[in-house]
Amino acid sequence: MRSIPDIAKQIGLFEKRAVFPLLALGIALIFFVKAIHGAEDPQTDESNVRKAYAAKVRETYLFPFGKDKLALPGNAAVEGGDFLEPSAFPDAKYCSHCHQEAYHEWRQSLHSNAFRTPFYRTSVNIVMRTKGIEFARHCDSCHNPIGILAGALNDKYPFDRSFDRDGLTCMTCHSIQSVQTKLGNGSFVMGVPSVMVDEKGNRIPGIVPDSEILAHLDRHSKAVMQDIYHKPEFCSACHKANLPPMLNDYKWIRAFTAYDEWQGSKFSQQNPLTFYTADFTTCQGCHMKREANALPDSGAKQGTFASHRWLAGNTAVPFYYGFDEQLQKTIEFLKSGNFLNVDLFALKNVDDGSIAAPLGTVPVTLKQGELVQAYVVIQNKNIGHSLIPEVRDLYEAWVKFTVKDSAGATIYESGFLKPNGMLDPSAHSFTNRPVDLLGDFVDNHKVWTIHSVAYDNTVQAGRSALVRYQFRIPQEAKGQVTITAAVDYRHLRQSYLNNIFGPDHPAYPIVEIASRTRTLNIGENPASAPAAADNADWMRWNNFGIGNLDELQYEEAQHAFEQVVRMRPDYKDGYINVAVNFIEWEKYAEARAPLEKALTLHAEDARALYYLALVERRQRHSEAEVADLEKVVAQYPYSRDARRELGISYYQQHRSDEAMKQFKALQQIDPDDLAAHYNLAVLYRRMGMKDMAAKEAAQYTMKRIDPGAPTYSLEFLRAHPEMNTESVPWHVHTESEAPMAASAGQH
């Protein structure tokens, strides 16, 4: 394990030791003193320093993507549109004078270490070597905003880069004034950093003495806190990303959409189509929970402080740097039991086709020599985004499934680790496989080479994955068998760790997020009491139905949802789920009755009205279709689906102005929506607005999936039959799966 100074040396963070930051610090203090005594305007003085600095940077700065586009291919922006000297950002040590708890937590967090880690540097160094440092602006807009706004992403940057060690420091987040409309890739607008405003509300650049802040806490708060900091849109600036054509010389490709996934989840309360409902919860509500502060902090309220650890899934960074406190809290967060539910839902006798479900509630008989299929349902219960939300090619979450006999001997196993740390290649993993133009796996996170995704097994928020395992009970088996299914998680996948460190490195933490075990007798097994963590039977059936629906197994899904309404005749969403399955099955007429039943239970229910509108459209009841969708939009103005379908309905009725209004509103929610681009292009052209039509058509062409992309995926899947199986929505993991060696870059 290398020390922090060692890795810092390796990535060249401290090659230049200039006195520039200290000099600027002194200048800033002089400015403040002059401002207090009315001698000079600090805004003017800072502006002059900034102009001189920006002029120096511009002498050698490359603008390959457009005049004055200082951050492209990223989207970071700054008020005034010019470079900011790094010393304009007061460092975290300065903030720690009054915010000891925040500083302590921040230093161990991923935000603090967003730039310097070898996990990030490995891939970003490759893009700099192969394409040029200016292309790394795409990555560093989020990972190192000071570097971007300072103009440091340039071959001939003349100043000290010691700011690299702090990644996202206090005053990067707390200087942001706004975020651009959900563009991602660092789509924030930075103000000139200020920890205080004057008596007129004007921002005072740079640092000020602690005594002045303490004497005017209201003016300090006005400078460093914005209402948007409490909103998920603030997080969207970086927790949403795309790969633009200027980066990949190909076309626009969505990279990840944690913000969009949250907005589509039950926690946003903006989407009427979720399978379950919940109280409104923001990103901050989960990842910045208030906790008792151990150290003095002026930001604490009644002994609690909004966590600046941003606990999530990153165990690699604290493990690497030896941040034991952060690592332990991250593991506790992942193991809290709040996020996933693992259900050993059913056993199927393959020979006669009989199924015992839900397991535990009904009796089951196991016979020696019997060929069995186990149905495991993984419910994404309380995660506000997918499992896994970002850079799925690097993270590793999978199902570890084992069947053991009474002596503890393994009868069947899937999702095991090999002695070299590599994951069983046939494991069911919640990941994706991006491929390049040649159909090869995109290793080392070289995102600019991605042309297609061979498969994506993520589980969206509020949905469930159904995983099937097939094994045979041994003829000589006696006593009992124990079946266990668990979701294990590792950050990062073994081959990427090997690419960074070589094969000889410590084993990185593996965390069991959730699991379920059942011990069954060979022979008769009566019904048993549920475990404390088990869902109610109606919900178990519901999740089983969702899993089948997502696997396009409509008959099985129909049976499952019918069990839900039988057990819960008062549950209106049970009837809606029956109808949703009919609609996906293209049995629109059959969907009407359950939707009308749901509306008798809950009049004007937006979810029922949305799907009823689709039925009305199919049956050519245009007025009813529009009326239903208008009601949904009135209740859920941020519903992408409702806006999109209402726009289409208006368009089909030749109500062009109203259709345009819906598609424009849809673009305010999601500027990348393909239906909005396509339909606006058509509508603008019909209205003679050729320039606007051409703009929308160009966006549609750029963002739609390349029709040739599946070819690249097929090349990869032919070469990796174990992955080919995973790419099929419905598949069974069997004993006959050949133990194939995992090639570098796959696991």
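The values are calculated or read from the model by the stated rules, or taken from the named source; none is laboratory data. Note that the coordinates shown come from a computational prediction; the quantities given were computed from them, not determined experimentally. All Cβ positions, even for glycine, are placed from backbone atoms using ideal geometry, and neighbour counts span all protein chains on display. Accessible surface is based on the protein model in full, side chains and every heavy atom, while ligands, DNA and RNA are left aside. Shrake-Rupley method; radii C 1.70, N 1.55, O 1.52, S 1.80 Å.
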Checklist entry - Give or take rounding to whole Å, what are the principal axis extents of the alpha carbon atoms in the stretch 94-219, in descending order? => result 52, 32, 29
Next on the checklist: Can you give me the long-range amide H partners of ARG472? Hydrogens built in the peptide plane at 1.01 Å from N, cutoff under 5 Å, separation of 5 or more residues or another chain.
Outcome noted: VAL372
Checklist outcome for this item: Semi-axes (Å, rounded, descending) of the ellipsoid equivalent to the stretch 59-128 per its C-alpha gyration tensor are 28, 19, 9
Item to check | Residue-by-residue Karplus 3J(HN,Hα) for the stretch 212-228, coefficients 6.51, -1.76, 1.60, Hz, glycine and proline x | outcome: 5, 5, 5, 7, 9, 4, 5, 6, 5, 4, 5, 6, 10, 10, 10, 4, 5
Checklist entry - Accessible area per residue of the chain at 1.4 Å probe, in Å²? => result 42
Checklist outcome for this item: Most packed first (mean Cβ within 10 Å per residue), the peptides 485-494, 313-322 order as 485-494, 313-322
Checklist outcome for this item: Surrounding charge for GLY462, neighbours by C-beta under 13 angstrom, Lys/Arg +1, Asp/Glu -1, total +1
Next on the checklist: What would the Debye equation give as log₁₀ I(q)/I(0) for the stretch 175-278 at q = 0.14, 0.15, 0.21, 0.24 Å⁻¹, counting only Cα atoms as equal point scatterers?
Outcome noted: -0.72, -0.77, -1.01, -1.17
Checklist outcome for this item: The value for the chain (convex hull of the alpha-carbon atoms, volume per residue, Å³) is 181
Item to check | the stretch 487-595, relative contact order [Cα under 8 Å, separation at least 6], % | outcome: 16
Checklist entry - When you count, for each residue, the other Cβ atoms within 10 Å and take the mean per peptide, how do 328-336, 295-303, 163-171, 176-184 rank with the highest first? => result 163-171, 176-184, 328-336, 295-303
Checklist outcome for this item: In Å, the C-alpha Rg and Dmax of the stretch 377-440 are 15.2, 50
Checklist outcome for this item: Site GLN480, offset 7 angstrom along Cα→Cβ, radius 18 Å on amide nitrogen, limited to the stretch 390-412, gives 402-412
Next on the checklist: Give me the one-decimal nm value for the distance between modelled label points at PHE501 and ARG718, 7 Å along each residue's Cα-to-Cβ direction.
Outcome noted: 3.8
Checklist outcome for this item: Taking 0.36 nm per residue of separation between GLN100 and LYS587 and subtracting their Cα-Cα distance, the length gained on full extension comes to 169.2 nm
Item to check | Relative packing of 634-643, 80-89, which averages over residues the other C-beta atoms within 10 Å, highest first | outcome: 80-89, 634-643
Item to check | Relative contact order of the chain, defined on C-alpha pairs under 8 angstrom at six or more residues apart (%) | outcome: 11
Checklist outcome for this item: Residues whose modelled amide H sits under 5 Å from the amide H of ALA477, counting only those 5 or more places away in sequence or on another chain, are GLY369
Next on the checklist: Please list 3J(HN,Hα) in residue order for the stretch 55-72, calculated via the Karplus relation 6.51 cos²θ - 1.76 cosθ + 1.60 where θ = phi - 60°; whole Hz, with x for glycine and proline.
Outcome noted: 5, 5, 5, 5, 4, 10, 6, 8, 10, x, 10, x, 4, 6, 8, 6, 10, 4
Checklist entry - Percent relative contact order of the stretch 524-676, based on C-alpha pairs within less than 8 angstrom and at least six residues apart? => result 12
Checklist entry - When the Karplus curve 6.51 cos²θ - 1.76 cosθ + 1.60 is applied with θ = phi - 60°, which whole-Hz ³J(HN,Hα) does each residue of the stretch 296-305 get, with x for Gly and Pro? => result x, 8, 5, x, 6, 10, 6, x, 10, 9
Checklist entry - Given a 1.4 Å probe and the protein chains all in place, what does the accessible area of GLU616 round to, in Å² to the nearest 10? => result 10
Checklist entry - Based on DSSP H runs of at least 4 residues, each adding -39500 (n - 2.57), what is the mean residue ellipticity at 222 nm of the chain after dividing by all its residues, to the nearest 500 deg cm²/dmol? => result -11500 deg cm²/dmol
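Output the pairs from LYS69/LYS182; LYS222/LYS661; LYS240/LYS381; LYS587/LYS690 with a Cα-Cα distance over 30 Å in this structure; if there are none, say none. Mind dumping the intermediate values first?
Values: LYS69/LYS182 19 Å; LYS222/LYS661 37 Å; LYS240/LYS381 22 Å; LYS587/LYS690 40 Å.
From the list (LYS69/LYS182; LYS222/LYS661; LYS240/LYS381; LYS587/LYS690), the Cα-Cα distance tops 30 Å for LYS222/LYS661; LYS587/LYS690.
Using a/c under 1.5 as the rounded threshold, could you call the stretch 501-638 rounded, prolate or oblate? The axes a ≥ b ≥ c are square roots of the C-alpha gyration tensor eigenvalues, and prolate needs a/b larger than b/c, oblate otherwise.
Values: a/c = 2.55, a/b = 1.66, b/c = 1.54.
Judged from the Cα gyration tensor, the stretch 501-638 comes out prolate (a/c at least 1.5, a/b above b/c).
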Checklist entry - Taking the Cα-to-Cβ direction at ALA294 and at ASP249 and moving 7 Å from each Cα, how far apart do the two end points lie in nm? => result 5.1
